[in-house]
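What follows is a single structure, written as structure tokens, with notes after it.
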Amino acid sequence: MTDTDSTPSTGGTDHTAKAPSRRALIGWGGAGLALGAAAAGGAVAMTRVGNDVDPAGADAGGAVPFHGAHQAGISTPVQDRLHFAAFDVTTRDRAAFVQLLKDWTAAARRMTAGQAVGEGAYGGLAEAPPDDTGEALGLKPSRLTLTIGFGPSLFTKFDLAAQRPDALIDLPKFAGDALDPNRSHGDLCVQACADDPQVAVHAIRNLARIGMGKVVIRWSQLGFGKTSSTTPGAQTPRNLMGFKDGTRNIAGTETDRLDKFVWVGEKDGPGWMTGGSYLVARRIRMHIETWDRTSLQEQEDVFGRDKGEGAPVGKAKEHDEPFLKAMKPDAHVRLAHPHSNGGATILRRGYSFTDGTDGLGRLDAGLFFLAYQRDVREGFVRIQRNLATDALNEYIQHVGSAVFAVPPGVRDADDWWGRTLFAKEA
């Protein structure tokens, strides 16, 4: 968990008559998912914001464009809800896996536009399961974004070791880590963000259903209450400790900082990652019962900011330039700040979570930390190592961890997730 000042851390339904479902003839793969342009019968037609969508469309539950040089869900204005899922690949058939990526892309293209998957949740062949699970019927797109990433282990399953990026490292063990293997790692991931939790859950559920027999969910995480913002001028969110988080996060409009710190360049290698990014996901448990018994002064000293305004020590406003030496040496802001980390900067998209209790009468709650960067070694790893003496460590613990290579965006209707990596085998 890194903080504030740095970058880091912390319409109607179509009832027209149609021929028997193609699923009965060719199944849910290949041509059955050639869904590109027109919505098939049974799909829910939703108002879609054009390719030049602006954030204002979010208030109306509009759609975020799916196509682009970069995947949506990274520098996109942060939505209110998250469903993140890590998958293990169970098939060893490369062609079958490539087909799954194409099928997933076609489904994602429709769901992010507010349309049902395939031929819809009803109106098809009565003897076959519907193509869509149906819980998002009648709901707006809610700015749904779907972002895919490939974990280190995927590259050993399909003889792709030579294509594994040097920046896609196995994360080292950090001081204080207590990682649960059942909440860590994964061959691939999908990050679903939306302003409606049901829309996000629907997306992951349908991708998992389409992938049955080829992939299984390894672990997943629901999140609420975004803890950072990529929109200039937006109010800085607060985490479950009550402090504003991500004050100086990279904004989606800061193309120069995105190019410098987030997007993989042509010279970074390998070529298939150009325009992509690297994602570190960490499940951070907060010992909130202990925190809630801590004095206000100590809480503010731990962060290096006041709790009300969010101003750094000795300053009046949240966005005032911090004077790091005025903070205690182990203050979170001081240790996480780029000036303390050789300029290291990451883009954060964290969410709060509460997952019941731990069996000892304490809430299982905290921060699901998502950080995007151009190089994990120069981003998250450098910062996290510097946080070894962070006073905040008394109140938090990292209990889940994963790292993924996030490929570039889907350019057009003929493109698909992971094409730059798998095209030769397609």
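The values are calculated or read from the model by the stated rules, or taken from the named source; none is laboratory data. Quick caveat, the model's predicted, so the values are computed rather than measured. Note: ideal-geometry Cβ built from the backbone for every residue, glycine included; neighbour counts use all protein chains shown. Quick note on the areas: whole protein, heavy atoms, side chains included, nothing else; ligands and nucleic acids left out. Shrake-Rupley method; radii C 1.70, N 1.55, O 1.52, S 1.80 Å.
Observations
- Answer from A121, A69, A107 - the residue that is of a type outside the set (S, T, N, Q), modelled with pLDDT of 95 or more and either part of a helix (DSSP H, G or I) or open to solvent by less than 10 Å² (accessible area, probe 1.4 Å) (or both): A107
- Residues of region 391-406 satisfying the condition of being open to solvent by less than 10 Å² (accessible area, probe 1.4 Å) and out of contact with any strand residue (DSSP E or B) (no Cβ under 7 Å at 6 or more places or on another chain): L392
- Residues (open to solvent by less than 60 Å² (accessible area, probe 1.4 Å) and not in a loop (DSSP other than H, G, I, E, B)) located in region 227-243: none
- For S401: the one exception among (1) touching an Asp or Glu at 6+ places or on another chain (Cβ under 9 Å); (2) assigned to a loop (DSSP other than H, G, I, E, B): (2)
- Answer residue from region 170-198, given it is out of contact with any helix residue (DSSP H, G or I) (no Cβ under 9 Å at 6 or more places or on another chain) and of a type in the set (A, V, I, L, M, F, W, C) and is most open to solvent (accessible area, probe 1.4 Å) among those: L179
- T156 outside any loop (DSSP other than H, G, I, E, B), under 15 Å from the mean Cα position of the chain (by Cα) and on the phi < 0 side of the Ramachandran plot: no
- Out of A162, A136, sole residue that is open to solvent by 10 Å² or more (accessible area, probe 1.4 Å), touching an Asp or Glu at 6+ places or on another chain (Cβ under 9 Å) and more than 16 Å from V215 (Cβ to Cβ): A136
- K102 open to solvent by 40 Å² or more (accessible area, probe 1.4 Å), under 23 Å from the mean Cα position of the chain (by Cα) and closer than 28 Å to S352 by Cβ: no
- A192 fulfils the conditions (1) part of a loop (DSSP other than H, G, I, E, B); (2) under 30 Å from A116 (Cβ atoms); (3) touching a Ser or Thr at 6+ places or on another chain (Cβ under 9 Å) except for a single criterion, (1).
- Here A116 does not fit the description of being hydrophobic (A, V, I, L, M, F, W, C) and either at pLDDT below 95 or open to solvent by 10 Å² or more (accessible area, probe 1.4 Å) (or both).
- Selection status of S153, touching an Asp or Glu at 6+ places or on another chain (Cβ under 8 Å), surrounded by fewer than 24 Cβ atoms within 10 Å (Cβ to Cβ), within 30 Å of I250 (Cα to Cα) and at pLDDT 95 or above: yes
- Residues located in region 349-362, provided they are open to solvent by 60 Å² or more (accessible area, probe 1.4 Å) and assigned to a loop (DSSP other than H, G, I, E, B): G359, L360, G361, R362
- Taken over region 204-214, the residue count meeting the criterion of being surrounded by fewer than 23 Cβ atoms within 10 Å (Cβ to Cβ) and outside any loop (DSSP other than H, G, I, E, B) is 5.
- Failed item, numbered, when L125 is tested on (1) out of contact with any helix residue (DSSP H, G or I) (no Cβ under 8 Å at 6 or more places or on another chain); (2) farther than 23 Å from D195 by Cα: (1)
- Scanning region 368-378 turns up no residue that is under 18 Å from L335 (Cα atoms) and assigned to a helix (DSSP H, G or I).
- Flag if V201 is open to solvent by 10 Å² or more (accessible area, probe 1.4 Å), within 16 Å of the chain's Cα centre (by Cα) and modelled with pLDDT of 95 or more: yes
- Output for region 72-97, where each listed residue is in contact with a Gly (Cβ under 8 Å, 6 or more places away or on another chain), more than 22 Å from T230 (Cβ to Cβ) and surrounded by fewer than 23 Cβ atoms within 10 Å (Cβ to Cβ): D88, T90, T91
- Sole exception among (1) closer than 27 Å to G176 by Cα; (2) modelled with pLDDT of 95 or more; (3) of a type outside the set (V, I, T); (4) open to solvent by 20 Å² or more (accessible area, probe 1.4 Å) for D268, by number: (1)
- If the condition is being open to solvent by 50 Å² or more (accessible area, probe 1.4 Å) and either hydrophobic (A, V, I, L, M, F, W, C) or under 22 Å from N341 (Cβ atoms) (or both), then region 271-311 contributes only L296.
- Taking the conditions (1) on the phi > 0 side of the Ramachandran plot; (2) surrounded by fewer than 19 Cβ atoms within 10 Å (Cβ to Cβ); (3) not basic (K, R) in turn, G246 satisfies each one other than (2).
- Residues within region 249-265 that are surrounded by fewer than 23 Cβ atoms within 10 Å (Cβ to Cβ), closer than 27 Å to P152 by Cβ and of a type in the set (A, V, I, L, M), tallied: 1
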